[in-house]
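Take a look at the structure below.
The values are calculated or read from the model by the stated rules, or taken from the named source; none is laboratory data. Note that the structure is predicted; figures quoted are calculated from it, not measured. So basically every Cβ, Gly included, is an ideal-geometry build from the backbone, and we count neighbours across all protein chains shown. Surface accessibility is based on the protein's heavy atoms, side chains included, excluding ligands, DNA and RNA. Shrake-Rupley method; radii C 1.70, N 1.55, O 1.52, S 1.80 Å.
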Amino acid sequence: MPPIAPRLTSTPSNSRVALAAARITVATVSNIVGSMNVPLFNVVPQTLSEIISLADSVNSNRSACAHLAGQAAELIKALTNAVPEESTVNIDDSLCRDMQNLSGTLQSIKDFMLALNNRSLLSRFVSQNDDRTTIAVFRNKLHNAVQIFQVQNNVSLRISQNIIMQGQSTILQTVENIEKKLDNSATIISNSQHQSKLQLEPPPAPQIFFGRDDYVANVISILLSNSSPRLAILGPGGVGKTTVAANIFHNAQVKELFAHRLFISCEPLSSTESLIESLCIGFDLIIQDNNPSRILMSFCEQASSVFLILDNFETFWDADNSDEVEKLLHNLTSFNSVTLIITMRGIMRPTGIQWTEPFLVPLPVLSLEAGKQTYLSISQSKNAEGLDLLLDSVGHLPLAITLLANISNLGFTPSELLDQWLKERTGLLNLGKNKKSENLEVSIALSVNSPIMKQNEDALSLLKMISYLPGGLQYKHAKAIAGDILKSTQEAQMILFRTGLAYLKSDKTLQVLPPIRYFVITNHALKIQELSCIKRFYFDLLKSCEDLHPGDSEYTSTVLAVEKEKENIVEVFEDAMQNGVIDDALLQAIINFSEFLYWTIPSTALLKVAVKSFENYVSDIPVKAKLLFAIGRIELRLDDQITAEAAFHGAMLQFERVGDKTQVAQCQQNLGDIARMLDKYSEAKVLLTDAMNQFENVHEIVRAAQCLRSLACVAFPHADFSDAQKLVVKAMSLFHEANNYLGITQCIQCLGDIARLTDRHAEAKQKLTDAKLRFESIGDKRRVAQCLRSIGDSALAIGNCSEATEALTESVTIFQETNGRMGASYSLDSIGNVFRMLSNYPEANKYFVSAMAVFEEIEDNMGVAYCLRSIGNTEIALSNYSEAAKLLGEAHKLFADIGHLGDAAVCLPSLAEIDIFLGNYSDAQNKLTDVLAQFSKFEYKRPAAYCLLSLGNIDILKNNYVKARRTIMEAQAQFWTTSDRMGENLCLQSIGVIEMMASGN
């Protein structure tokens, strides 16, 4: 067992001795300040006492804290001793300001020690080294306080003249005593000038530096190719301006180019005078005649080349003494020897200086790739799963990425950090310190609470409004939204640009970075008046969507305007509903927005939330009916007929209760369209006819015409194309009467489909292309996709595979963009048939299987039947006759069950083809003869031609060459009328076989 070390209880520690001496000093100071009218001396004893108590109770860096407390006490004692006790002191404004700065330093020391006492064990361990640095900074500030009271004409020269004459020698001696005491401290460097120089050491060249090479290279190029350039590195807090500046400062070419280089952080400096003094110290200048400015200018005039970086320059520029700062900048840049770079928050350069052009663009956030490299260089774990989303969530801000990477070293994955970020936002990005480089909230707060922001309340108000809107605030709308409550939106914008809290995107949108947005939302809630302005603007904008239709003169501009604001509109709606702030205006705005969604990217998510939110809302408006009707329309657009049907039934019951016959008719119209899509043709005909009659009674011409066009579509499955065309032509006449562009275009599309289905493919292509162009002109993407699919099917019917593939592939893309799963699946089935025609059967089946899976999911029996027929035909080509017969039989039955008699008939020639391959010629002939009669009735010329060709080929097999030739030539004539060149070629091949057999060869 190792020996137990003895406990040294008899000898007090150095920290105890230092604190005991400090308490004695404070007691002495308290006894002599009572008769003085110096504000610093009135409050300082209490502050010192609290510092000493806190230093005595800290659990880390106790010795350093004790010596810091002792140093502060000795400094104050020396200053009080410098003032004669028998007189009342009158101090000037300059001395008062310096004493206030000293008082602020003491308060900061107290706050720091209080934070030390409140730290957890883990935080104390993690922060121990940084705390030592902070303590050293405070000791330097106390030491510099002595320099200030000595360099700036001595304390004695700044007290009223009669006191100076009586006590000058005593005061000077006291200042010397202060220096001696500080010099004797073990932790203070003996040479005060050297210690100040330590504060002016530039930051080291960054070791982790990604995504900035081009930016730095551009700056170096400007430095090398211009005479004494003046550059400003701008950007928001945390974007890495200091890091970029440090990289430039340590660049080898820069070192070689300049005889004198100096990097100064303006952040700890409190005045222009302190900046001048720091510059003098940094350049090793001896201050004579108490005129550091003259010494500095003389140096700049005589030096051959000077490179100066002023980091965090906004510290001065946003202060009250900006005129003095501008004068100093002007003086510095008047020398050809001086090259100047400043880093500054915001996107606006200080005025009064001729900055080198082209100007440096504001420093952007990191690219995704550079952000990932930065994160993975810091993080001990190389787990990158979820990293892209994590970096996107913080807007690729370098400071945020660095802090996240450091936090990951506690064992968090990127996905876990993302979850925490979504919960804690900017509060997460804190390494337990109050340095802006290690606490994102501190960095942001420096900008939000900057003097220039405090001087203009409108800037904070505008910042809150921009932050509330996730999509940002369009520059052109700023006055319309905030003009009623802000004195000058222009001035507020300029301040936000100047502080770097907001920036202007390329599309002229005012935006804030995600961390700033969440900080503002969390710490600066919108006032009721500010929120009301936002709601009023967006609700007014949405009034333009009421009864919106493609083809309207304002349709395109309205869609574009709302599209840009969609994200913000949803935020306004969700915020209002979550907080129970609902009224008629909100309801109407949501209904209007649903019109926009219907014609662009349909979605019912918002409407379904609204139904729940307005469930108990009492209004003269049939709230639930309107919402259900809007849901039904969009679900129908999304091809979810079952959900749409339920919504329309619910809406119709509500409208019937309030006696709104027109709205009831609209519900019937939509229910009729759904019944048609669900193959309930008798029900569809009744509903559509009733709705049409009601619309005619109230002179709703457009809606009556819509019902006529839908009734024409009811005739399609029965192949009653002649009747269908008559109905479409009548509907088109009504649309012309009402000057309804959309309705006219839909009728042209319908006539094109009739031409396609009756094998008039040239006419079909012309009409469908015309309709497609018209739909494109009004932005109706869904119907553009429908036209493309029909054009592709028509091309496929005449064997033009390349044209078919191009049109069908484009239709799939557009259907998917507009959430048209059903439409996309029909196009996929057609693409599969292109591959089947090209004998690429494995690829064909991939498309058929994908399409059928969707059809089965959405319960579209017609789509399933199409896929079964397509797969069956593929199996024939693969000689899998048994499987083919099974699939084609199922397809035939399914088509017949849903009333698609024409499509059911199309299955029979394929079944007959199987009989031919199996040698069952009689069965095949019977099937083909029966279906030929049906095709003639349906005006299916091309399928009828194939039946004739098959019958002719059977006669060839049975050696009936004369009959075979006659039948095949009839088929060839029909192929010619339908422009089916592949069919014609097949006929020629069969005729060639007949001639060969007849000649006996």
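Please determine whether any residue of the range 835-858 is crowded, with 17+ Cβ neighbours inside 10 Å and touching a His at 6+ places or on another chain (Cβ under 9 Å).
no
Which condition number in (1) in a helix (DSSP H, G or I); (2) of a type in the set (Val, Ile, Thr); (3) under 26 Å from the mean Cα position of the chain (by Cα) is the one that Ile601 fails?
So the condition that Ile601 fails would be (1).
Testing Ala646 on (1) small (Gly, Ala, Ser); (2) over 30 Å from Asn861 (Cβ atoms); (3) part of a helix (DSSP H, G or I); (4) open to solvent by 30 Å² or more (accessible area, probe 1.4 Å), one condition comes back false. Which one is that?
Tallying (1) small (Gly, Ala, Ser); (2) over 30 Å from Asn861 (Cβ atoms); (3) part of a helix (DSSP H, G or I); (4) open to solvent by 30 Å² or more (accessible area, probe 1.4 Å), Ala646 fails exactly one: (2).
Among the residues of the range 863-880, which ones are open to solvent by 40 Å² or more (accessible area, probe 1.4 Å) and not in a loop (DSSP other than H, G, I, E, B)?
The answer is Tyr866, Ala877.
Return a yes/no flag: does the range 248-262 have any residue that is out of contact with any helix residue (DSSP H, G or I) (no Cβ under 7 Å at 6 or more places or on another chain), open to solvent by 30 Å² or more (accessible area, probe 1.4 Å), assigned by the TED database to the domain that holds Ser304 and modelled with pLDDT under 90.
no
Among residues belonging to the range 362-381 that are of a type outside the set (Ser, Thr, Tyr) and assigned to a loop (DSSP other than H, G, I, E, B), point out the one that is most open to solvent (accessible area, probe 1.4 Å). Reasoning before the result, please.
The first filter runs over the range 362-381 and keeps only residues of a type outside the set (Ser, Thr, Tyr), leaving 362-366, 368-373, 376, 378, 380.
When the remaining residues are screened for being assigned to a loop (DSSP other than H, G, I, E, B), the result is 362-366, 380.
On the way: Pro362: 54, Leu363: 6, Pro364: 66, Val365: 48, Leu366: 12, Gln380: 144 Å².
Per the stated criteria, the residue is Gln380.
Checking Gly823 against (1) over 16 Å from Ser850 (Cα atoms); (2) in contact (Cβ under 8 Å) with a residue 60 or more places away in the chain; (3) part of a helix (DSSP H, G or I); (4) of a type outside the set (Lys, Arg), which test does it fail?
(1)
Go through (1) within 26 Å of His549 (Cα to Cα); (2) open to solvent by less than 40 Å² (accessible area, probe 1.4 Å); (3) not hydroxyl-bearing (Ser, Thr, Tyr) and name the single condition Gln786 misses.
Of (1) within 26 Å of His549 (Cα to Cα); (2) open to solvent by less than 40 Å² (accessible area, probe 1.4 Å); (3) not hydroxyl-bearing (Ser, Thr, Tyr), only one is false for Gln786: (2).
Select from the range 466-478 the residues that are surrounded by fewer than 23 Cβ atoms within 10 Å (Cβ to Cβ) and closer than 18 Å to Asp507 by Cβ and list them in ascending order.
If the condition is that a residue be surrounded by fewer than 23 Cβ atoms within 10 Å (Cβ to Cβ) and closer than 18 Å to Asp507 by Cβ, then Pro470, Gly471, Gln474, Tyr475, Lys476, His477, Ala478 are the ones that fit.
Which one is least open to solvent (accessible area, probe 1.4 Å), of the residues in the range 519-558 that are polar (S, T, N, Q) and either in a loop (DSSP other than H, G, I, E, B) or farther than 30 Å from Glu776 by Cα (or both)? Break it down into steps so the answer makes sense when it comes.
Start the filter on the range 519-558 by keeping residues that are polar (S, T, N, Q), which leaves 522-523, 529, 532, 544, 553, 556-558.
After this cut, where a residue has to be either in a loop (DSSP other than H, G, I, E, B) or farther than 30 Å from Glu776 by Cα (or both) as well, the list is 522-523, 529, 532, 553.
Numbers: Thr522: 99, Asn523: 80, Gln529: 116, Ser532: 55, Ser553: 111 Å².
Filtering the range 519-558 for residues that are polar (S, T, N, Q) and either in a loop (DSSP other than H, G, I, E, B) or farther than 30 Å from Glu776 by Cα (or both), the one least open to solvent (accessible area, probe 1.4 Å) comes out as Ser532.
So Thr978 clears everything in (1) closer than 22 Å to Ala924 by Cα; (2) buried (at least 17 other Cβ atoms within 10 Å of the Cβ) except one condition, right? Which one?
(1)
Being more than 33 Å from the chain's Cα centre (by Cα) and hydroxyl-bearing (Ser, Thr, Tyr) is the requirement here; does Ser839 meet it? Step through it out loud before you land on a result.
Details: more than 33 Å from the chain's Cα centre (by Cα): yes; hydroxyl-bearing (Ser, Thr, Tyr): yes.
In short, yes.
Working only within the range 338-361, note down all residues that are among the polar types (S, T, N, Q) and assigned to a strand (DSSP E or B). Outline the logic, then answer.
Applying the first criterion (among the polar types (S, T, N, Q)) to the range 338-361 yields 339, 343, 351, 354, 356.
Listed by number, the residues that qualify are Thr339, Thr343.
Of all residues in the range 717-771 being among the aromatic types (Phe, Trp, Tyr) and out of contact with any Cys (no Cβ under 9 Å at 6 or more places or on another chain), which is farthest from Ala705 (Cα to Cα)? So that I can check it myself, show each step before the final result.
Residues of the range 717-771 among the aromatic types (Phe, Trp, Tyr): 721, 735, 741.
When the remaining residues are screened for being out of contact with any Cys (no Cβ under 9 Å at 6 or more places or on another chain), the result is 721, 741.
Values: Phe721: 18, Tyr741: 12 Å.
Per the criteria, the residue is Phe721.
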